[in-house]
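One structure below.
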Amino acid sequence: YKESAISMLWTYTRKPNKTFETFYGLNHSTNIDDFSSHLQNIHGPGLSVNYGDNLGNIAWWACASLLERPEHVNSWTILDGNNPANDPIGYYPFEMNPRCINPSWGYIYSANDWPDKVDGKWYPGYYKPQYRADQIRQLLTYGKDFDLTSMSEVMTDVKNNADAITLTIWGTLVKKWPEF
C-alpha cells in the first residue's frame with residue numbers, strides 16, 4: 001500500500017538508555033538481591049538474564065519495559081495510529097515481568113519462550129516459539145547428572161518436534177502430489 005503510511009513504536013527509543021550503568025552494576029553485584037536491583041534498567045531490547053552464584057542461587061528474568069495496552073488492542077496487528085484509543089497506557093512495573101528464582105525443579109534455562117503471564121494474560125513480546133523451550137526442558141529432565149559433554153549436547157541440540165510434525169505432514173502430501 002504505497003498510499004498508506006505506517007509508523008512503529010519501539011520502547012528502546014522512548015526511554016533513557018542505561019545499558020552501560022546497568023551492566024556495570026550487574027558485573028559488580030555481590031549477591032542475588034544486588035544483582036536483581038539493576039535489572040529494571042534494561043528497558044529494551046528484551047533480554048533474558050540468567051544468574052547463578054556460589055551459594056547455589058539460580059534465577060532468570062525477562063528484562064524489558066513491557067508496554068501496557070488497552071484491552072481491545074492486539075499488538076500483533078497493524079493498528080489505526082490516528083485513533084488515540086489504541087495508544088499504549090504506559091508500562092507495567094518491572095516487578096510484573098516474568099521471572100524464575102530458585103525453582104523447585106533445580107535448573108533455569110533461556111530460550112526466549114513465553115515463560116509466564118503478565119497481569120493475568122500472555123504478553124506478546126520478544127519471545128520465540130515454545131518448542132525451543134520444550135525441547136530444552138525435555139533434554140534436562142532425563143534425571144541424569146550433567147557433565148561438560150552431556151551439557152554440550154543439550155546446548156547444540158537442533159531437534160525440533162514441531163518441524164518434525166510439519167515435515168511428516170508435508171511428506172504425506174508430496175507422496176500424494178500426483179493425485180492433486
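The values are calculated or read from the model by the stated rules, or taken from the named source; none is laboratory data. If you're wondering where the values come from, they're calculated on a predicted model, not measured in any experiment. In this analysis, Cβ positions are derived from the backbone assuming ideal geometry, glycine residues included, and neighbour counts consider all displayed protein chains. When the accessible area is computed, the model is the full protein with side chains, heavy atoms only, and any ligands, DNA or RNA have been set aside. Shrake-Rupley method; radii C 1.70, N 1.55, O 1.52, S 1.80 Å.
Below is a table of values for the structure above.
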| quantity | calculated |
| --- | --- |
| Loop-exposed trypsin sites (Lys or Arg not before Pro) per DSSP, neighbour cap 11 Cβ within 10 angstrom, longest uninterrupted part of the chain | 3-116 |
| Anisotropy class of the chain from Cα gyration tensor, a/c 1.5 cut | oblate |
| Global size of the range 1-97 as Cα Rg and Dmax, reported in angstrom | 17.2, 60 |
| Accessible area expressed per residue, the range 62-116, with surrounding protein chains retained (probe 1.4 Å, Å²) | 59 |
| Relative packing of peptides 104-110, 152-158 - highest average C-beta neighbours within 10 Å first | 104-110, 152-158 |
| Sulfur and carbon atoms: percent of accessible area, the chain [1.4 Å] | 56 |
| Those residues of the range 75-95 whose amide nitrogen sits under 12 Å from the label point placed on Ala5, 7 Å along Cα→Cβ | 81-82 |
| Exposure of His38 as accessible area (Å², to 10), given a probe of 1.4 Å and all protein chains | 40 |
| Size-normalised alpha-carbon gyration radius of the range 39-93, reference 2.2 N^0.38 Å | 1.59 |
